[in-house]
1. Scan 67, 147, 71, 104 and give me the residue that is of a type in the set (A, V, I, L, M), open to solvent by less than 70 Å² (accessible area, probe 1.4 Å), modelled with pLDDT of 90 or more and closer than 22 Å to residue 266 by Cβ.
2. Suppose we filter 568, 573, 539 for residues that are in contact with an Asp or Glu (Cβ under 8 Å, 6 or more places away or on another chain) and of a type outside the set (Asp, Glu); which single one remains?
3. Going by the structure shown, is residue 690 open to solvent by 40 Å² or more (accessible area, probe 1.4 Å), charged (D, E, K, R) and either in contact with a Ser or Thr (Cβ under 8 Å, 6 or more places away or on another chain) or part of a helix (DSSP H, G or I) (or both)?
4. Report, by residue number, each residue of the range 312-349 that is open to solvent by less than 30 Å² (accessible area, probe 1.4 Å), closer than 21 Å to residue 382 by Cβ and either of a type in the set (Val, Ile, Thr) or in contact with a Gly (Cβ under 7 Å, 6 or more places away or on another chain) (or both).
5. Checking residue 369 against (1) under 27 Å from the mean Cα position of the chain (by Cα); (2) surrounded by fewer than 16 Cβ atoms within 10 Å (Cβ to Cβ), only one condition comes out false. Which one?
6. Filter the range 420-444 down to the residues that are farther than 18 Å from residue 551 by Cβ and open to solvent by 20 Å² or more (accessible area, probe 1.4 Å) and list them by number.
7. Of the residues 501, 487, which is open to solvent by 10 Å² or more (accessible area, probe 1.4 Å), modelled with pLDDT under 95, touching a helix residue (DSSP H, G or I) at 6+ places or on another chain (Cβ under 6 Å) and not in a helix (DSSP H, G or I)?
8. From the residues in the range 564-614 that are assigned to a strand (DSSP E or B) and farther than 16 Å from residue 527 by Cβ, which one is most open to solvent (accessible area, probe 1.4 Å)?
Amino acid sequence: RGIVSNGMLASPKELALGDSHEGILELDDDLPAGKSFAEAYGLDDSIIDIENKMFTHRPDCFGELGVAREVAGIFGEKFTSPDWYRQSHLDDAKATNQTLELHVENELPTLVPRFRAAPMQNITIKPSPVWLQAKLARCGLRPINNVVDITNYIMLLTGQPLHAYDYDKVARLSDGDGATIVVRNPRDKERLTLLNGKDIDPRQDAIMIATNRQLIGVGGVMGGADTEVDDSTKNIILEVASFDMYSIRKTSMAHGLFTDAVTRFNKGQSPLQNDKIMAEALRLLGELAGAELAGDIIDNNQVAERQWVHPPVPVTPDFINARLGLSLTAEEVKAILENVEFSVATDGQSLTVTAPFWRTDIESREDVVEEVGRLYGFDKLPKILPVKSIKPVAKDDRLELKQAVREKLVKSGANEVLTYSFVHGNLLDKVDQDKAHAFKLSNALSPDLQYYRLSLVPSLLERVHPNIKAGYDAFALFELGKTHFVDEWDKNDSSVPHEDDHIALVVAFSDRKKAKGSSYFLAHRYLTEVAPEVVSRLVPMVDFNFGDDERNKQMTAPYDAKRTALIVRDGQVWGVVGEFKASVLRAMKLPRYTAGFELHLDMLKTNTTVYRPLPKFPKISQDITLKVSSATTYQSVFDCLTAALMEQKPDQTLLTIEALGVYQPAADKPKNITFRIICANYEKTMREAELSSLLDAGAAACAQTLSAERV
């Protein structure tokens with residue numbers, strides 16, 4: 001304040017070391033007179049503000065040692081951890097006598113792979129020395145007492161949370177001799193009061209710390225108020241444990257508890273550091289609180305004793321350089337990694353990299369590449385764009401086919417929908433499909449999505465009534481999707497269900513519309529638009545025997561057999577088109593004018609378009625009319641004439657056949673079918689005589705095959 005002073009009396013609060021303002025802070029250290037208080041206790045150092053999201057997958061960097069090691073590595077400096085952290089001295093800690101009896105039971109070895117506990121006696125609870133209070137204050141923690149401050153200090157230093165229980169309180173809450181700690185899940189209707197005064201009903205799968213009588217803490221999250229270390233504490237139980245990171249995260253979110261311990265356990269601390277950390281904690285407790293080990297150190301451990309979490313990783317400098325665009329030598333890579341205390345063995349051009357025990361993220365060669373790149377400096381990597389070919393990617397015939405189908409149906413007025421591959425069992429019942437042939441999901445997204453669907457049509461039928469109710473009187477819905485059948489498995493992997501690609505369409509007119517005719521023919525028209533080649537393969541459903549073909553029985557189950565046709569190839573059913581059973585119409589609340597089709601996508605032709613320029617020579621055309629019997633179909637005439645002309649046409653000739661018309665005076669009379677043949681040659685101008693000769697050959701073939709007469 002600008003006033004000369006020969007001294008000052010200050011409380012911890014006035015010096016920003018704590019909340020206490022009840023008395024004068026006593027300095028118990030031998031400090032030179034006249035030295036700045038801030039300088040003496042390191043309160044004048046530089047603060048490095050680091051965004052901790054960059055350390056999300058680095059549990060070691062949630063402690064000061066890890067951050068210091070990382071910074072040293074980035075600057076190319078060799079870092080050496082304190083001796084107590086590199087090598088455990090726990091074997092040196094021996095109990096002077098077995099005064100405090102402690103029992104530990106771990107019922108959750110998978111979630112708690114390591115649980116260490118040590119009983120200690122003759123504790124003197126008092127304020128921590130000023131140097132420790134100053135260190136905690138610099139890190140944003142409030143000093144409480146020497147025992148709690150030591151656990152917080154080691155947590156800040158290493159990233160490993162610790163916890164201290166009042167031994168005598170735990171013993172009073174335990175049945176039998178001494179104190180008993182049990183790691184388990186909570187039981188029904190158990191409650192716990194936490195250190196912050198909050199009462200909770202623990203979630204069913206939470207990791208809880210208990211005696212053999214009641215709960216005393218939430219493992220890895222927060223201790224309970226009933227066993228808190230306070231000013232009257234004389235004996236403690238020191239806990240150093242490893243908890244499952246995912247379980248801790250779920251418990252933290254469920255109860256809204258976001259503690260410093262949760263922050264660190266969330267990242268998956270290495271269980272291999274527990275012995276080192278306990279040894280240092282015992283040393284500091286003895287030095288600053290007069291504590292003595294009063295029983296055996298219990299180590300409930302399911303983790304193999306070794307110096308690494310993941311096995312050593314073999315890698316070569318070439319592998320690293322190829323991914324970073326660098327030209328580092330084996331020795332340079334070795335130096336970069338050894339700066340952060342990796343163990344690297346080199347044999348010529350190969351490296352064997354062993355991560356230290358605190359690194360839980362080094363499993364593969366790619367992890368080593370990331371480590372080298374980060375420490376070397378991503379900003380130093382060459383800024384060279386990768387060479388990419390401008391050659392277009394080959395088209396996927398399957399995707400092209402699906403897109404072509406979509407375009408044809410949309411141009412015809414249909415609307416595409418995308419529904420879930422999962423359906424309710426009630427839907428299968430409504431369309432007369434047997435649920436026994438459908439895969440049932442054990443983890444369904446909702447109760448309404450229990451089964452894999454056997455066909456697409458039921459999913460489309462389910463959308464008809466809501467659309468009619470919404471005021472749409474006439475519409476067609478289609479879908480391209482996959483179906484599954486319980487008895488069919490992938491040929492390459494017998495554990496994976498086989499998937500069939502289907503195309504399905506449903507057309508519907510509301511009863512208000514009073515549509516004329518049969519809905520079958522409208523569905524047939526849409527089918528012809530998509531796959532004209534299947535028209536010749538239609539077989540009445542009533543004439544077909546399915547035998548043991550359960551898959552096709554299920555696909556055709558919703559259809560009325562008397563008003564349905566099957567698409568058959570080589571004796572196998574590939575699709576169905578028709579109207580639906582009256583029972584299905586009632587169950588689904590469908591209008592009378594409803595029909596549809598479903599087809600295996602493999603039945604459709606994949607049209608691969610190959611570009612070829614038009615001939616530069618003039619084209620010529622001639623018409624041909626063929627008289628055939630009334631029973632002969634147009635398609636058979638077209639196919640026969642096309643095959644004959646294509647076989648007889650000269651090389652390098654572009655030939656097109658167009659249908660001009662069909663004339664039939666009566667249903668039982670012969671009919672005349674007229675085609676126009678257009679021809680052009682790539683090498684010369686064709687003459688009329690050449691085309692006439694070609695038509696003669698076509699007419700002769702049709703006469704022989706179909707008894708057709710040229711008119």
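1. Only one candidate qualifies: 67.
2. Selected residue: 573, the only one of 568, 573, 539 that is in contact with an Asp or Glu (Cβ under 8 Å, 6 or more places away or on another chain) and of a type outside the set (Asp, Glu).
3. It is true that residue 690 is open to solvent by 40 Å² or more (accessible area, probe 1.4 Å), charged (D, E, K, R) and either in contact with a Ser or Thr (Cβ under 8 Å, 6 or more places away or on another chain) or part of a helix (DSSP H, G or I) (or both).
4. Scanning the range 312-349 gives 315, 320, 324, 333, 336.
5. (2)
6. Within the range 420-444, 420, 422, 424, 426, 429, 430, 441, 442, 443, 444 meet the criteria.
7. Going through 501, 487 in turn, just one is open to solvent by 10 Å² or more (accessible area, probe 1.4 Å), modelled with pLDDT under 95, touching a helix residue (DSSP H, G or I) at 6+ places or on another chain (Cβ under 6 Å) and not in a helix (DSSP H, G or I): 501.
8. 572
The values are calculated or read from the model by the stated rules, or taken from the named source; none is laboratory data. Quick caveat, the model's predicted, so the values are computed rather than measured. Quick reminder, even Gly has a Cβ in these numbers, built from the backbone with ideal geometry, and neighbours come from all protein chains shown. The area values use the complete protein model at the heavy-atom level, side chains included, leaving out ligands, DNA and RNA. Shrake-Rupley method; radii C 1.70, N 1.55, O 1.52, S 1.80 Å.
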